[in-house]
Amino acid sequence: MGGTGVRPESPVRRTPPVSTFVGAAGLLRLVHLTNGPDLTAIPTTIAGVTSEILLPAHSVPRAGAVLNPFVIVDDAAGLITFVSEVFDVTETAEARTPMPDGTLIHAELRLGTVDLMVGDRRDGWPARPALLQLWVRDVAPPLERATARGATVVTEPTSFYGETTLARMLDPWQNLWWLYAPAPGQPDPTPHWDGGSDTVFATLDYALRSMAR
């Protein structure tokens, strides 16, 4: 979101497609392959296989991701329905764990190899929505579905790093979604960024400042 000079090449051109989740505590990058090359063909610094701490990706149970986001919201069941319908994914039924009062202490949706974990806010708990980046085939259909279900478009579809289209939307639970879609051959109208208020930065800045009020 910052920096100066020439922007680096698009991740779409350099690596297989990725899903990135940005949590409230910092940047959490989750990499998964979607019809990309075999893991052994990726440099180890990208594949993340050199860590002496992380479990190797091929060893994660249920072919899951090494890192998965967890959000705490009011009406977790409603968020599950929203995500299911907007992104055409399903809840992992066996993971649903209700409390005696019917609220959810834990539930999961599988997006690619990543588990989005969801729970209801309890009395005395703060809500903890997230900033989430997700690769999709085309940003238009999920944006249309999301706005029909109460979401607000933060950033209209915009060329980003040339061969990527970026859009953002804020869901009714205050999760801010980055939607990325490959756009082969699409030109980059602003290959240089001097830290000024371009569309990609300005819309995010406005949304986050509005959420802080």
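Taking Q174 and the conditions (1) surrounded by fewer than 22 Cβ atoms within 10 Å (Cβ to Cβ); (2) at pLDDT 95 or above; (3) over 21 Å from I72 (Cβ atoms), which numbered condition does it fall short on, given that it satisfies the others? Failed condition: (3).
Against the test of being of a type in the set (D, E, K, R) and closer than 24 Å to L67 by Cβ, the options R145, R209, R168 yield a single qualifying residue, R168. Selection over region 93-118 of residues that are exposed (fewer than 15 other Cβ atoms within 10 Å of the Cβ) and of a type in the set (V, I, T) gives a count of 2. Cβ-Cβ distances below 9 Å connect the following pairs, each with a first residue in region 147-159 that is in a loop (DSSP other than H, G, I, E, B), a second residue that is charged (D, E, K, R) and surrounded by 13 or more Cβ atoms within 10 Å (Cβ to Cβ), and a separation of six or more residues or different chains: R149/E85; R149/D171; G150/D171; A151/R145; A151/D171.
The values are calculated or read from the model by the stated rules, or taken from the named source; none is laboratory data. The structure displayed is predicted, hence computed values, not measured ones. Methodologically, a virtual Cβ is constructed for each residue, glycine included, from the backbone with ideal geometry; neighbour enumeration extends over all protein chains shown.
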